[in-house]
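A short worksheet on the structure shown next.
Laboratory data are not the source of any read-out in this text; all were calculated from the coordinates shown. Computed from a predicted structure; not experimentally measured. Note: ideal-geometry Cβ built from the backbone for every residue, glycine included; neighbour counts use all protein chains shown.
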Ligand SMILES: *Cc1c(COP(=O)(O)O)cnc(C)c1O
């Protein structure tokens, strides 16, 4: 390959290092717990950081893990990445490494993240504060209480509400805080938070990065000095993914860019087809011109993503539509090739008090769609037939 930096789409297909000594097109699976060394001196060179290499897979350095970390770093334009066994492993290690002075969260959070902060985080002495998007003017005031990590998701689950990464990063950093973004919904294809000023970006690789609903992993990306303590937590807690998972993820990343572009196109087609439907109160999709966050989406995203939500007149109507769908499968995940549907009040937000759900715009009639890679026309036809079956 030339020395000129290639675009992330090309880097996904031509991962850089490490290369296979036999010239295999794909890096083979290094399914080994430990690595042999020729001498104690050689081993010490690796242990003491004078030479790259691997000692023990859980410690890092396994070629399959390193290769995926480098591809993901190229995608997010990050200096480095640290791969984890799950998105929640990435998130918990981030809070251990950088949340000891407190975590200030903004807007709606993934349920697992909120649970971790409220239960394990509290038990371990990691304090946190949840600031609603409408309370953003209090950011400086709350940071003055000593919080050193600002954390949020955009677009958020399940309302697709957006937050301004550049503006919040500037304000938080002016107060001496780091900014970390969960970029799972957007993917690095559609949004690169580090280029907008964030310090750290993370993903549940179980979603779009894996893309086929068949692997569980996570990653945090950013500057090397911020990632070193995360790698320590990963090692201490044993949050390293299996090399097999890294190989599967590497294979998925080869097609990430075209997959996400098709997710974007399909979701936009579905959103436009459903907008104005007499049984739908509201279609939430950042790509629709009348969506409240549309102007911001145009500024900070290069594609609008594969997630959208529709609001029906009642929880019963939402249940009927979800169950009448044939191509959209009823399952609580996202980002795979197959389209999925969930009713957040019965799944991800089931444990949230009803008035809190209402305050956040998560009505019982809300359905979240993860638009897959089927033919858009088939997906639209499926939704229209399900809506037609509604009583009355
Ligand atoms: C799924 C998800 C996570 C958690 O990831 P796991 O791989 O399931 O641990 C975190 N954040 C968001 C936005 C997610 O959708």
Item checked: Taking all pairs of distinct alpha-carbon atoms in the range 85-185, Kirkwood radius in angstrom -> 13.5
Checklist line | FRET E, pair residue 355, residue 295, Förster distance 35 Å, beta-carbon r, rounded to 0.05 | finding: 0.70
Note to self: Taking every DSSP beta bridge with both residues inside the chain, roughly what % is antiparallel (nearest 5)?
What the structure shows: 55
Next item on the list: Measure off 7 Å from each Cα along the Cα-to-Cβ vector at residue 29 and residue 47, then give the distance between these two points in nanometres to one decimal.
Entry: 3.1
Note to self: Given bins 5 angstrom wide, list per bin the percent of all Cα-Cα distances in the range 150-220, short to long.
What the structure shows: 4, 17, 28, 23, 16, 8, 3, 1, 0
Check: What's the exposure ranking of 374, 153, going from fewest to most Cβ atoms within 10 Å?
Finding: 374, 153
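When only Cα pairs under 8 Å and 6 or more residues apart are kept, what is the percent relative contact order across the range 12-143?
17
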Next item on the list: With all distinct Cα pairs included, what does the Kirkwood hydrodynamic radius of the chain come out to in Å, to one decimal, could you say?
Entry: 21.8
Checklist line | Sequence-separation-based contact order of the range 256-391, relative, with Cα cut under 8 Å and 6+ spacing, percent | finding: 28
Notebook entry, point to check: With the calculation restricted to Cα positions, what are the radius of gyration and Dmax of the range 292-392 in angstrom?
Noted result: 14.2, 42
Next item on the list: Calculate how steeply helix 243-253 sits against the longest principal axis of the alpha-carbon atoms of the chain, using the helix alpha-carbon long axis, and give the answer as 0 to 90 degrees to the nearest 10.
Entry: 60
Notebook entry, point to check: Could you give the angle, 0 to 90 degrees to the nearest 10, between helix 63-75's Cα long axis and the longest principal axis of the Cα atoms of the chain?
Noted result: 50
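Among 35, 291, rank each residue by its count of other Cβ atoms within 10 Å, from fewest to most, as a rough exposure measure. Each step should come with its number before you reach the end.
Numbers: 35 17, 291 23.
Ordered from fewest to most neighbouring Cβ atoms within 10 Å, 35, 291 come out as 35, 291.
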Next item on the list: May I ask you to sort 154, 195, 40 by Cβ crowding, counting other Cβ atoms within 10 Å and putting the fewest first?
Entry: 40, 195, 154
Next item on the list: Could you state the angle between the C-alpha long axis of helix 256-274 and the longest principal axis of the C-alpha atoms of the chain, as a value from 0 to 90 degrees rounded to the nearest 10?
Entry: 10
Margin query: I need the peptides 266-275, 168-177, 21-30 ranked by packing, meaning the mean over residues of other C-beta atoms within 10 angstrom, with the highest value on top.
Written below: 266-275, 168-177, 21-30
Check: Relative contact order (percent) for the chain, with alpha-carbon contacts under 8 angstrom and 6 or more residues of separation?
Finding: 16
Notebook entry, point to check: Using 7 Å Cα-to-Cβ label points, what is the residue 375/residue 166 separation (nm, one decimal)?
Noted result: 4.1
Note to self: If I build a Gaussian network model for the chain, linking alpha-carbon pairs within less than 10 angstrom, which residue out of 239, 118, 192 has the largest mean-square fluctuation?
What the structure shows: 118
